[in-house]
Every structure is written in C-alpha cells, then in structure tokens.
Amino acid sequence: MSYEKVTRFQANLVIGTKQTLKAMKNGAVSEVFIADDADWQITQKVENLADELGIPCRRVDSKKRLGSACGIDVDASAVAVKQ
C-alpha cells in the first residue's frame, strides 16, 4: 500500500533526506516514508523529527522501489508528502 500511496501523491512529494527534513521543519509535511534498507545514520534524523512533530512515519522495504514510486531513476531513502 505504501508504494501505491507514494505514486498517487507523486506531484506533492519532497524527495530526499535533506529536503524532507527541511520541509518537516517548515511544517509542510503530512506524512513521511523511510526505506528500511537505507543507512540508519541517515534516516534516523528524519524518523526522530517525525516522532517529535507527530508526523506519521511509514516504513517501506526498498529505497530502489521507493525511488521508482516517486518517478525517479535513483534510490530514495526518505520521501515526504506535502500538506
């Protein structure tokens, strides 16, 4: 379900860890997706901030499939849905 949801909101996505963190700090995010196979040191900041701000954080199994669901040709460790 998570990949389908990302694909459905493709026009309203923030892709990448840095951009996701920035959008979360600006209050522009309704939901976050994190790939399980991404480096934990990279994604823990996103997960911690989502928890702090009360933003739902969903896990997906593959950064490659997450990138594909976003419509990009590279892997994506973290993706956020804009409000």
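Derivation of every value follows stated rules applied to the coordinates shown; laboratory data play no part. Computed from a predicted structure; not experimentally measured. Neighbour counts are summed over all protein chains in view; Cβ atoms, including those assigned to glycine, are modelled from backbone coordinates with ideal geometry.
General observations
- Net +/- balance of residues flanking Ile42 in space, Cβ distance below 13 Å, scoring K and R +1, D and E -1: -2
- Note on Ser62/Ser30: beta-carbon distance plugged into 1/(1 + (r/R0)^6) with R0 of 35 Å gives a FRET efficiency of 0.95.
- Percent of C-alpha pairs per 5 Å bin, the range 2-82, short to long: 3, 19, 33, 27, 15, 3, 0
- Computed extension gain for Trp40 through Gln19, at 0.36 nm per residue and net of the alpha carbon distance, reaches 5.9 nm.
- The residues packed around Val14, meaning those with a beta-carbon under 14 Å from its beta-carbon, carry a net charge of +3 if Lys and Arg are +1 and Asp and Glu are -1.
- Which of Val81, Val6 has the fewest Cβ neighbours within 10 Å, and the rest in rising order: Val81, Val6
- Annotation: peptides 69-78, 10-19, ranked by per-residue average of other Cβ atoms within 10 Å with the highest first, follow the order 69-78, 10-19.
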